[in-house]
Amino acid sequence: WNAHPTPPEIAAPPGDGPVIFHGHCHQKALWGAESSAALLRRIVGDRLQVLDSGCCGMAGSFGYATHRYDLSMRIGELSVFDPFRDAPEAIGLATGTSCRHQVHDATGIQLHHPIEFVERCLKK
């Protein structure tokens, strides 16, 4: 980042509240959420809250099956939904498409992919 001949210029990130990030299970299993978190920290600093969370409950298409819907919601209630409910002013981010849908279905809160947030913060 710092050594690149034309490093990106960052505009002031939107808002002044927390930025809550939930990493997708696949990402956490393969290399961890820190790669996304490190980029986000460069932009928002200590506003970033990385959830120490398990699965959102969707697990790909697992939660879309009618007979597993209630179970998938109970899984999400264990560690994912409440941090977003408790901070409705926060910017919510999640790498997983299924995670973003699951949180929205459970809480009504729209999450965004971290790279969409980064793009909004770049000076054009």
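Quick note: the coordinates plus some simple rules give every number you see, no bench work behind them. Since the structure is predicted, the reported quantities are computational estimates derived from the model, not experimental observations. Ideal geometry is used to build each Cβ from the backbone, glycine not excepted, and the neighbour counts take in all protein chains shown.
Structure data summary
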| item | result |
| --- | --- |
| With 5 Å bins from 0: P(r) over the stretch 50-98, alpha-carbon pairs, percent | 5, 21, 28, 25, 14, 6, 1 |
| Relative counts (whole %) of C-alpha pair distances in the chain, using bins that are 10 Å wide | 13, 43, 30, 11, 3, 0 |
| Orphan Cys of the chain, criterion: no other Cys C-beta under 4.7 Å | CYS25, CYS55, CYS121 |
| Shape parameters for the stretch 1-52, alpha-carbon atoms, Rg then Dmax in Å | 12.7, 35 |
| P(r) histogram, all alpha-carbon pairs of the stretch 77-124 included - 5 Å bins from 0, percent | 5, 22, 30, 22, 12, 6, 3, 0 |
| Candidates per GluC sites (Glu not before Pro) in the stretch 19-116, loop by DSSP, up to 14 other Cβ within 10 Å | GLU89 |
| Dipole magnitude of the stretch 1-112, debye to nearest 20 (Cβ charges: Lys/Arg +1, Asp/Glu -1, about Cα centre) | 280 debye |
| Nearest 10 degrees, 0 to 90: helix 97-107 Cα axis against the chain principal axis | 70 degrees |
| Listed residue (LEU51, ALA3, ILE75) projecting farthest to the positive dipole end of the chain, Cβ model | ALA3 |
| Using alpha-carbon coordinates, inclination of helix 34-44 to the longest axis of the chain, degrees | 50 degrees |
| Longest site-free stretch - the chain; sites: chymotrypsin sites (Phe, Trp or Tyr not before Pro), DSSP loop, at most 11 other Cβ within 10 Å | 32-124 |
| Bridge type composition, the chain - antiparallel percent by DSSP, nearest 5 | 10 percent |
| Nearest 10 degrees, 0 to 90: helix 69-79 Cα axis against the chain principal axis | 50 degrees |
| Charge dipole (debye, nearest 20) of the stretch 14-59; +1 at Cβ of Lys and Arg, -1 at Cβ of Asp and Glu | 100 debye |
